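Please read the structure below before turning to the comments.
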Amino acid sequence: MLKIALTGASGLVGSRIIEILKDRFDFIPVSQDRMDITNKDQVEKNLSNLEFDIFLHLAAYTDVDGAEKEKTAAYVINVKGTENVFKTVKKLGKKFIYVSTDFVFDGQKPPYFEDSQPNPISYYGLTKYEGERIVRDQAMIVRFSYPYRARFDQKKDFVRTIKTFLEQQKSLTMVNDSLMTPTFIDDIAESFGHLFLNFSPKIYHIVGQDSMSPFQAARKIAETFNLDSRLISSISYDKYFKNKAKRPKLADMKSKKNDFFSMKTFSQGLKILSQSSMI
Ligand SMILES: NC(=O)c1ccc[n+]([C@@H]2O[C@H](COP(=O)([O-])OP(=O)(O)OC[C@H]3O[C@@H](n4cnc5c(N)ncnc54)[C@H](OP(=O)(O)O)[C@@H]3O)[C@@H](O)[C@H]2O)c1
């Protein structure tokens with residue numbers, strides 16, 4: 001069985017990848033307690049004694065708004081941390097997969113394919129793009145966008161955040177003139193099932209089948225879970241993001257490379273969640 005060592009195994013995406021693929025791959029989580037990726041010596045010490053075929057690097061500073069205020073933390077984890085892990089894995093002659101985001105794009109000229117030109121507009125996006133530049137052409141880069149999944153109490157994805165608001169009868173204001181591409185994490189996991197077996201140092205967009213405005217996405221969530229959509233009102237992108245970290249406005253993400261797994265539409269993913277006991 002192929003041995004996959006990984007950082008970020010306790011996170012929103014990593015934990016689900018392991019749940020879904022655990023019978024097909026031998027996962028070796030390298031947790032932050034054992035190896036802080038910002039500590040080069042710790043990284044070298046831990047990885048040189050580890051037996052693995054591929055290293056999947058999911059760990060990151062992922063708080064987009066926080067990154068604007070805590071620039072040093074975001075930089076050290078996302079850029080230096082990536083460099084520490086990548087250089088060590090490369091020295092060991094092993095394969096490396098770097099996970100990135102739609103936030104490397106500026107959202108001005110959709111759609112965005114694997115070969116579109118990044119131009120980050122937030123500090124988080126900038127640090128993730130710097131990470132890409134360190135590994136480019138020598139590692140696989142997998143970008144995804146707005147991942148959502150079955151229940152995960154440690155961190156709420158956007159579907160759960162909206163669902164919880166509506167369940168608590170709280171009103172919500174959602175942007176109606178921008179685009180996002182929600183991605184079902186179970187599909188990300190299945191795609192990795194293919195990518196681990198077919199490694200190549202290229203960029204892949206593993207993203208949902210359709211894009212919509214956050215306002216439309218919130219209405220779909222209300223409809224699927226029989227919640228009151230009248231609680232959702234709309235706002236323009238410019239007004240909403242006036243004093244916040246910018247997200248790419250028209251993040252219509254597409255793939256030219258994913259011919260191996262058929263990603264779900266947002267409605268299909270939500271339907272599966274609504275029928276699951278894990279929601
Ligand atoms: N979530 C999204 O909306 C989204 C969208 C696109 C791309 N991505 C990318 O997908 C990847 C996974 O995201 P996620 O949402 O699953 O992450 P997450 O739930 O926020 O988890 C982050 C992980 O990084 C680990 N970590 C943070 N600092 C570390 C350090 N100094 N040393 C070692 N480990 C450290 C954390 O370990 P602890 O649990 O021990 O703190 C945790 O396991 C990231 O690379 C992210 O940029 C995420």
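Here are the numbers for the structure shown:
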read-out	value
Residue list for region 230-246, filter: assigned to a loop (DSSP other than H, G, I, E, B), in contact with a strand residue (DSSP E or B) (Cβ under 9 Å, 6 or more places away or on another chain) and either of a type outside the set (Phe, Trp, Tyr) or on the phi > 0 side of the Ramachandran plot (or both)	Ser236
Filtered residue count, region 44-78, keeping only those that are within 23 Å of Arg16 (Cα to Cα), within 10 Å of the ligand (Cβ to nearest atom) and free of Cβ contacts under 8 Å to residues at least 60 places away in the same chain	5
Test: residue in region 188-202 that is of a type in the set (D, E, K, R) and at positive phi	no
Number of the exception - Phe199 against (1) assigned to a loop (DSSP other than H, G, I, E, B); (2) crowded, with 20+ Cβ neighbours inside 10 Å	(2)
Residue satisfying all of: in region 139-158; more than 9 Å from the ligand (Cβ to nearest atom) and more than 18 Å from Pro118 (Cα to Cα); surrounded by the most Cβ atoms within 10 Å (Cβ to Cβ) among these	Arg149
Residue list for region 4-42, restricted to those being open to solvent by less than 20 Å² (accessible area, probe 1.4 Å), within 11 Å of Val85 (Cβ to Cβ) and within 9 Å of the ligand (Cβ to nearest atom)	Thr7, Val30, Met35, Ile37
Enumeration of residues in region 172-194 that are touching a helix residue (DSSP H, G or I) at 6+ places or on another chain (Cβ under 6 Å), aliphatic (A, V, I, L, M) and farther than 20 Å from Thr161 by Cα	Ala189
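Rundown of residues vs (1) open to solvent by 10 Å² or more (accessible area, probe 1.4 Å); (2) within 13 Å of the ligand (Cβ to nearest atom); (3) small (Gly, Ala, Ser), yes/no style:
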residue: Arg160; (1), (2), (3): yes, yes, no
residue: Phe192; (1), (2), (3): no, yes, no
residue: Ile206; (1), (2), (3): no, yes, no
residue: Ser211; (1), (2), (3): yes, no, yes
residue: Phe225; (1), (2), (3): yes, no, no
residue: Asp228; (1), (2), (3): yes, no, no
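Every residue, every condition in (1) farther than 30 Å from Asp137 by Cα; (2) in contact with a strand residue (DSSP E or B) (Cβ under 7 Å, 6 or more places away or on another chain), yes or no:
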position: Asp187; (1), (2): no, no
position: Glu190; (1), (2): no, no
position: Asn198; (1), (2): no, no
position: His205; (1), (2): no, yes
position: Ser213; (1), (2): yes, yes
position: Ala218; (1), (2): yes, yes
position: Ile221; (1), (2): yes, no
position: Phe225; (1), (2): yes, no
position: Asp228; (1), (2): yes, no
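The values are calculated or read from the model by the stated rules, or taken from the named source; none is laboratory data. Given the structure is predicted, the values throughout are model-derived calculations rather than measurements. As a convention, Cβ positions derive from the backbone with ideal geometry for all residues, glycine included, and neighbour counts pool all protein chains shown. To get the accessible areas, we keep the full protein, side chains included, count just its heavy atoms, and leave off ligands, DNA and RNA. Shrake-Rupley method; radii C 1.70, N 1.55, O 1.52, S 1.80 Å.
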